[in-house]
Structure formats: C-alpha cells, structure tokens
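First up is the structure itself, then whatever we jot down about it.
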C-alpha cells in the first residue's frame, strides 16, 4: 500500500473477495490514498462489501449484471431462506445458472467432458434466472454488464459522462 500511495494513482482496480476488499479499501482510506476504486462484480454485495465499509464505500465503481433475477427465483429464495432476496449480486443467479447449464448438458450429451464442452459452446438464449445466456464463437458469455457506482448508501448506474474508455481500446 505504501508503494501505491507513492505512485499517486488516479484509480485502483481492486480484484478480491468481498471480505478482502473491505480490508483493502479501509487500508487505502487510512493511508489517505484518494484514488478512485474500481472493482468487480464479486464486490456487488451490500451484506459483505458495501455494508461493512459504510461511508468508505462512497464513490466505488463496479461492473455487474443488471438485476435480471427472475421473480420465480426471488420467490424460491424467499421460501427457502425465509427472507427476501437481498438485492443485486450477480454471483448468486449466475452460479445457479452454471449448475443448470451443466445439468442440461449432461442430460443432453452425457458426462463426457468433450461432449459437454461442445454442447456448452453452442448454447443460445438459455433461459437462466440471471437472464438469457448465449456463448459466442470464443465460448465467452455474450452478455453486457453495467457500470455502477455506490453513492448515498446505495448502488446506482454510473452516469455515462463519468465513464472514460482508455486509449487503445
């Protein structure tokens, strides 16, 4: 952190688990590092990341899926855990979809890894709880993420005028 402070960065890209991210952000603030913090969808958790940081979370940017979690999934969550869906965290719905996709592949082609890989590479518009799932020719998920900022104690879409694409992209 001392080296980071000495470098006087404009921004810091923080990739971590939520609990580790809380520690890192607290250390950045304690050292007076004023850089904008940009993190991943893994930090998109009120309970594990933003809540523990409280006011230190103000101004943190992160990419995440829009809240496409279906009402049916929310209902099952509430029934299973006796509490309402805690809000947007793309990890829960995506993890659910991961298992559903693998199960779908195994039902369709069996358990041979090569066959499963081939099946998954051809997935188009799979009806996942996190939204429709399609893989592109490079077997990457063809889905847009949104950029959010944590302001006034809540996540909100980042104003587009604050988003700058680095040169060369």
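The values are calculated or read from the model by the stated rules, or taken from the named source; none is laboratory data. Being a predicted model, the structure only gives us computed values, none of them experimental. Positions of Cβ are backbone-derived with ideal geometry, glycine not excepted, and every protein chain shown enters the neighbour counts.
At a glance:
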quantity	calculated
Residue 158, sole failed condition from (1) outside the structural domain of residue 105 (by TED's automatic domain parsing); (2) modelled with pLDDT of 90 or more	(2)
Failed item in (1) under 20 Å from residue 143 (Cβ atoms); (2) modelled with pLDDT under 95, with residue 104 passing the rest	(2)
Within region 1-119, helices (runs of 4 or more DSSP H) holding 2 or more residues that are surrounded by 15 or more Cβ atoms within 10 Å (Cβ to Cβ) and in contact with a strand residue (DSSP E or B) (Cβ under 7 Å, 6 or more places away or on another chain)	18-30, 90-109
Qualifying residue in region 72-84 (condition: touching a helix residue (DSSP H, G or I) at 6+ places or on another chain (Cβ under 7 Å), closer than 17 Å to residue 149 by Cα, assigned by TED's automatic domain parsing to the domain that holds residue 125 and modelled with pLDDT under 85)	no
